[in-house]
Amino acid sequence: MAELPIRIFGDPVLRERAHEVTDFDDRLRRLAGDMLETMRAAAGAGLAANQVGVLQRLFTWETEDAHGAVVNPTITFESEEVQEGDEGCLSFPGLFYPTTRPLQVHIEARDVFGEELTLEGEGLLARIIAHEIDHLNGILFIEHLARHDRKDAMRRIRRGELEYPPPPEELPDAEGPDAELPNAEGGAVA
Ligand code: NI
């Protein structure tokens with residue numbers, strides 16, 4: 001497996017709708033494995049294929065006790081009850097804002113072998129699923145923010161605050177492998 005470069009806000013691929021996957025082949029499985037590795041290396045809880053420049057309806061996710069890869073998801077249930085909480089995105093490194101999401105989101109999808117799968121998310125997993133399906137539709141989390149938070153985000157982006165810092169091994173005073181990850185704390189990052 002290999003880590004892939006993550007596309008940052010401003011890259012047009014993040015605004016495009018990803019296409020249905022039709023070939024459940026080794027290439028797809030390799031991409032899913034690479035995405036899982038990339039997501040973990042960046043301390044993310046979810047990653048959509050758009051974010052590594054691939055317009056296929058595929059995302060990976062991970063919570064404390066489970067992880068997976070989801071292909072061609074469709075939402076079958078979204079609770080009216082919502083959750084509030086800070087959210088970030090690997091394509092907006094270092095930015096976190098309160099983002100309202102459904103408390104529960106259920107999907108039907110395929111796994112990387114083309115087998116049917118269902119995923120019933122509540123809390124963090126519901127947040128991840130909603131965030132990643134947005135990505136597959138070219139929608140970014142800043143579009144869900146309160147107006148003043150969105151303005152703040154755009155101001156920070158204009159100031160050039162979205163750069164990933166250099167890898168920890170290049171920093172003289174890094175405390176450990178995760179010491180300088182911009183996403184290691186502050187809320188769910190997907
Ligand atoms: Ni994201």
Taking His148, His106 and ranking on accessible area (1.4 Å, protein atoms only), highest first, one gets His148, His106
Measure of exposure for Thr100: accessible area at 1.4 Å probe, Å² rounded to 10, is 60
Between Val13 and Met154, Cβ-based FRET efficiency (R0 25 Å, step 0.05) works out to 0.80
With a 1.4 angstrom probe the carbon and sulfur portion of accessible area for the chain, in percent, totals 46
Loop-resident GluC sites (Glu not before Pro) in region 63-135 with no more than 16 other Cβ atoms inside 10 Å, DSSP not H/G/I/E/B, are Glu64, Glu80, Glu81, Glu84, Glu115
Mean separation of Cα contacts under 8 Å (at least 6 apart) over the residue count of region 12-158, i.e. the relative contact order in percent, is 25
Accessible-area order for Asp26, Asp11, Asp86, largest to smallest, probe 1.4 angstrom, reads Asp26, Asp86, Asp11
Exposed trypsin sites (Lys or Arg not before Pro) being those in a DSSP loop with at most 12 other Cβ atoms within 10 Å, the longest stretch of the chain free of them is 18-158
Sorted list, accessible surface of protein heavy atoms, 1.4 Å probe, largest first, for Thr118, Thr74, Thr38 is Thr118, Thr74, Thr38
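The values are calculated or read from the model by the stated rules, or taken from the named source; none is laboratory data. These figures come from a predicted structure and were not determined experimentally. A quick note on method: Cβ atoms are made from the backbone with ideal geometry, for glycine too, and the neighbour counts reach across all protein chains shown. Just the protein is used for accessible areas: all its heavy atoms, side chains included, with ligands, DNA and RNA removed. Shrake-Rupley method; radii C 1.70, N 1.55, O 1.52, S 1.80 Å.
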